[in-house]
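Student: The structure under discussion is supplied below as structure tokens; questions concerning it will follow.
The values are calculated or read from the model by the stated rules, or taken from the named source; none is laboratory data. No experiment lies behind these values; they were computed from the predicted model shown. Using ideal geometry, Cβ is built from the backbone for each residue, glycine included, and neighbour counts are taken over all protein chains shown.
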Amino acid sequence: MTRDVRIDSSQGILVRGWKSGSEGFLLQIRAHDEEVRLLCRCGRSHWLVREQFSGGVPSLSVTCHSCGTRGTFAMEGVKLSAP
């Protein structure tokens, strides 16, 4: 069973990977072997997602598609693909 993590309690999470599907927005995070589902304050798991590589430091920015709540997570082990 996938564990739920609320955006309010997600400070300090290091993201190793992510995917979006029928089960919601799933994160692979450093502290867990299995994926976790990111839930918004409004109870939904439908996010607009953007990977950013500013200054060589990768991050993942999310915005709730329903209520607009935002979050940003550091990414670990992710590299910018070559052109």
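Student: If a residue counts only when it is touching a Cys at 6+ places or on another chain (Cβ under 7 Å) and either at pLDDT 95 or above or not hydrophobic (A, V, I, L, M, F, W, C) (or both), which strands (runs of 3 or more DSSP E) contained entirely in the stretch 40-83 have at least 2 such residues?
Tutor: Fully inside the stretch 40-83 and qualifying: nothing.
Student: Shifting gears a bit: How many residues does the stretch 27-39 hold that are out of contact with any Phe, Trp or Tyr (no Cβ under 6 Å at 6 or more places or on another chain) and either part of a strand (DSSP E or B) or among the β-branched types (Val, Ile, Thr) (or both)?
Tutor: Here the count works out to 5.
Student: A further question on this structure: When you check Leu39 against the structure, is it under 18 Å from Ser9 (Cα atoms) and either out of contact with any Gly (no Cβ under 6 Å at 6 or more places or on another chain) or of a type outside the set (A, V, I, L, M, F, W, C) (or both), yes or no? So that I can check it myself, show each step before the final result.
Tutor: Values: under 18 Å from Ser9 (Cα atoms): yes; either out of contact with any Gly (no Cβ under 6 Å at 6 or more places or on another chain) or of a type outside the set (A, V, I, L, M, F, W, C) (or both): yes.
Here the answer is yes, as Leu39 does meet what is asked.
Student: Give the residues of the stretch 1-15 that are crowded, with 16+ Cβ neighbours inside 10 Å and not polar (S, T, N, Q), sorted by residue number.
Tutor: If the condition is that a residue be crowded, with 16+ Cβ neighbours inside 10 Å and not polar (S, T, N, Q), then Val5, Ile7, Ile13, Val15 are the ones that fit.
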